[in-house]
Each structure stands twice: as C-alpha cells, then as structure tokens.
1. Give me His194, His102 sorted ascending by neighbouring Cβ count inside 10 Å, so fewest comes first.
2. Hey, rough spin-label estimate for Arg227 and Lys303, points 7 angstrom out along Cα→Cβ, what's it come to in nanometres?
3. List, in order, the whole-Hz ³J(HN,Hα) value for each residue of the stretch 307-315 obtained from phi through the Karplus relation with A = 6.51, B = -1.76, C = 1.60 and θ = phi - 60°; use x for Gly and Pro.
4. Let me know the shape class of the chain, please: from the alpha-carbon gyration tensor, a ≥ b ≥ c as square roots of the eigenvalues, rounded when a/c is under 1.5, otherwise prolate if a/b is greater than b/c, or oblate.
5. Shape call for the stretch 175-315 from the C-alpha gyration tensor, a ≥ b ≥ c root eigenvalues: rounded (a/c under 1.5), prolate (a/b greater than b/c) or oblate?
6. In the stretch 224-315, which GluC sites (Glu not before Pro) are in a loop and have at most 10 other Cβ atoms within 10 Å, using DSSP for the loop call?
7. When only C-alpha pairs under 8 Å and at least 6 residues apart count, what is the relative contact order of the stretch 156-315, in percent?
8. Which of the trypsin sites (Lys or Arg not before Pro) across the stretch 65-113 are loop residues per DSSP, with 13 or fewer other Cβ within 10 Å?
Amino acid sequence: MPEWLNALPKAELHLHLEGSLEPELLFALAERNQIALPWADVETLRAAYAFNNLQEFLDLYYAGANVLRTEQDFYDLTWAYLQRCKAQNVIHVEPFFDPQTHTDRGIPFEVVLRGIQQALLDGEKQLGISHGLILSFLRHLPEEEAFKTLEQAMPFRDAFIGVGLDSSEKGFPPRLFERVFAKARSEGLHAVAHAGEEGPPEYIWEALDLLKIKRIDHGVRAIEDERLMQRIIDEQIPLTVCPLSNIKLCVFEHMGQHNILEMLERGVKVTVNSDDPAYFGGYVGENFAALHEHLGMTEAQAKRLAQNSLDARLA
Ligand code: HPA
Ligand code: ZN
C-alpha cells in the first residue's frame, strides 16, 4: 500500500467485529475452547472464502462466530481489529456487533458486550482510537427477536451509539423493522441500516423514510434510481461503501466496474470501509489501495473519501 494512503487519517464506519475474525485467531479460540472445527487447518478455511453471493458468505461467517464463547474471546477479537486500525491510521471506529448470533447460542449478552467494550476502552487509552459501538439486528429473524435484543441491551444503554440492520437482505425489507427502530430512536439511539447491497433501491427509500437512518450501509444500488441519487446528494446522507466486499460477494464483477468514484464525483458523501476484512481480503487500507490500483483513485479523491469518513461519524 502506498505510504501516503496509509498515512491519511481515516474513520471506519462499516465493520462487523465478527467479520474481523482472522482464521489464525479462529483456530486459536477453537483450541482454547475445545471446539472441533469442520476445517482441517487455516489454509483449508481460507480456501473456503469463495462466495457467489451474500448468503454463501453469511453461512460461513455465522459458522466461524461459533468459536467466540467467553468475554476474553470477544476482547481478543476486538483488540486484534484495533491493532490493525492503528497500523493503518484509522483514528476512529464505529463497529457493528450482532448480539443475536451469540445469544441464540446461549452466550449471555453481557459476556459479548463486556469483552468488546473493554477492548474499545483500552483502544482509546492505549492506541488513541475513539469509538462508537453499534448494535445490529439480524433481519432474517423476526422483529420480535430484535425487540428482545433491544430490551437486553437497555441496561447497557451507554455502551452504544446506535442500532443497525444486517444479514440476508433480499426478502427482508427495512419496513419489517419499523417499530423496533422507532423504539431504539426513542431511547436516543442513532439508526443506520444495510440497504442497497443486493437489495433494490426501494429498500434504501424504506430505510430512510421508515427507519429514519442517518447513514446507508453499502447503498451502491442507489445509482439505479435518479430521484434517490438526488435525495442522498441534496441531504448529504453518507454511504458506507465496502469495495472489496462488493467484489467478493459479486455485487460488481470487477473492481474496475465499481461505482464509488462515480458517486464521489457526483457529490455523494461516500466513505471507504472493510465490512468483514478477515473474509474479504483486507482492512480499510487495502480497500483504499484497491481503488487506487483498479480505478485510478487520485490522492485528492482519497483525501475527500477519508475526510467524508471523519465527517460522517455519529460519535
Ligand atoms: N451484509 C449483510 N450482513 C452482513 C454483512 C454484509 O455485508 N456482513 C456481515 N453481516
Ligand atoms: Zn456489512
């Protein structure tokens, strides 16, 4: 990665902590927790990271998360991510975590939260990285389950800045979560949501109008709807775009086809993020480097993208 890219101060606003679980740590945690894995070794697991769509990735991502059991596991996961951030001059993070992925396996909400929170606090003190944690609901599960998760989270209200919506997009439109998002907002939480990754522009409209989101996660399919483009430009609604993720999950065929710089030049407040770096081939820095290499991103464009990420912070 060019040094000038690495040196740019950046914020990461779209990162699933469970998606930062590198195969080496996954195997180490499996051993520590005496869990048998379906993969022979790290290389076999890495070789399985070939996906045709979002769902194929999610199946492996949820399987991988099974090694996370103790508060220390969640601490180690988060700490490893923050060290990557430090190395790439990521000075602020607003990561997601998926409580339901863990509580549905019998891991107490508090265990998950305490481990993540302690690492974030240590990251602030020892690495100088500021943060705002976002609790994400799994949209393939019913809204009722999201309500239960929000209820479990409320004793720890101060540990979060907002709620998000992730997992399988197609067939699970934002409108299904209108009431739980209203409840979260009434508690003073910010709202964000994945929309327009695989799903159509209508899902972005719903996320804006019904969930009243402050940022759109992904949102690359907004470009198919001119009226929507005008709105996100006029209102300067940030998009947390994840270029390497989009290629790995076949949202675009090649990086050369990615629309992030076209959006930037049209005045959309786009940002660069890694989504699930352990699975998609890199952290924020590698995502910037891919735009430089395949789309000819200039230094001036990189600076605007990095500044956008700082401007689009919620914390
Ligand atoms: N999309 C939807 N859900 C997710 C993703 C994603 O890219 N990563 C982790 N959960
Ligand atoms: Zn995501």
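1. His102, His194
2. Label at Arg227, label at Lys303, 3.8 nm between them.
3. Coupling constants for the stretch 307-315: 5, 4, 5, 6, 5, 8, 4, 9, 10 Hz.
4. On the way: a/c = 1.39, a/b = 1.15, b/c = 1.22.
Because its axes are fairly even, with a/c under 1.5, the chain counts as rounded.
5. The shape class here is prolate.
6. Values: sites: Glu224, Glu226, Glu235, Glu253, Glu262, Glu265, Glu286, Glu293, Glu299; in loops: Glu235, Glu253.
Filter output for the stretch 224-315: Glu235, Glu253.
7. Numbers: 245 pairs, mean separation 27.4, N = 160.
That works out to 17 percent.
8. Numbers: sites: Arg69, Arg84, Lys86, Arg105; in loops: Arg69, Arg105.
Taking the stretch 65-113 and a limit of 13 other Cβ atoms within 10 Å, the loop trypsin sites (Lys or Arg not before Pro) found are Arg105.
All of the numbers you see were taken from the coordinates with simple rules; none came from a lab. Predicted model only: the values in this text are computed from it and were never measured. Virtual Cβ from ideal backbone geometry, glycine too; neighbours counted across all protein chains shown.
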